[in-house]
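Visitor: Handing you a structure now.
The values are calculated or read from the model by the stated rules, or taken from the named source; none is laboratory data. Since the structure is predicted, the reported quantities are computational estimates derived from the model, not experimental observations. Positions of Cβ are backbone-derived with ideal geometry, glycine not excepted, and every protein chain shown enters the neighbour counts.
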Amino acid sequence: MMQRWAVVVSLLLGVSGCGARSGIPSPGPQNGALPAPGAQPARARVEGPRISVVAGSFKPTLFYGPWQCNQRWMAYCERQCAAEGYTLKGCMWLADLKLDWEGRLYGAGGRYAITHCCCDYPVLSKDATQAARERWENIRESFREGWSKKFGNWPLERGKSWPGHHIRDLKHGGDPVDPNNIVPMPPTIHDVLNKEYPRCYDGGPPWNTAGPDLPYADY
């Protein structure tokens, strides 16, 4: 169980570190969000232990998509793409972190979206993409070891390590070794993302339109 909780801990640190590079939009928590009518359970759910911090404690739960971005994250991605000189083609809501807070600070806790903005980034050549992949493969084991020292053992499924998912993919210029661009991802969901990323970059449905404010149910 501690291996699964480690995923949540690393994302919590990303929340405190802020926005664009980690894939967590800087506007912050979606307090009070309710599931849309007909919302389905998340594809995967990871619950963490209650963690004590200054002035209280929180219990984190990580819900995995992917889902369509809601209007808030779609607008966020439009701004992010424009700031870099690009146009938004689509937006993917990869996962959602819910923090149940107990303590003295009013308004703490809430929800934090982990999103990917599919801007019309230029596609790297095959050689450049392969070189980026080799950079990741060269440091993958040491990266997992370093991550494990900070957050607990790298997650496993049936004795096999979870993939390290690059939020901004290597083909479109994602940094292969930036810790803020790498998230441990359940293998089945990683397979889904690999299939859906090209559709998002092509501006195809459903990623080119906004979805409900909260598309999954908390169960």
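Visitor: Could you list, in sequence order, all residues of the stretch 129-150 that are more than 17 Å from the chain's Cα centre (by Cα) and either in contact (Cβ under 8 Å) with a residue 24 or more places away in the chain or crowded, with 19+ Cβ neighbours inside 10 Å (or both)?
Guide: Within the stretch 129-150, T129, A132, R133, R135, W136, I139, R140, F143, S148, K150 meet the criteria.
Visitor: Please go through the stretch 46-71 and give me each residue that is surrounded by fewer than 16 Cβ atoms within 10 Å (Cβ to Cβ) and not in a loop (DSSP other than H, G, I, E, B), ordered by number.
Guide: E47, I51, S52, V53, G56, S57, Q71
Visitor: Please specify each residue of the stretch 76-112 satisfying the condition of being modelled with pLDDT under 85 and part of a strand (DSSP E or B).
Guide: Listed by number, the residues that qualify are L97, K98, L99, D100, W101, E102, G103, G110, R111, Y112.
Visitor: Another question, then. If you go through the stretch 169-186, how many residues are modelled with pLDDT of 95 or more and farther than 15 Å from F143 by Cβ?
Guide: Number of matching residues: 4.
Visitor: Scan the stretch 166-219 residue by residue and report those that are hydrophobic (A, V, I, L, M, F, W, C) and in contact with a Ser or Thr (Cβ under 9 Å, 6 or more places away or on another chain).
Guide: Result: I167, L170, V183.
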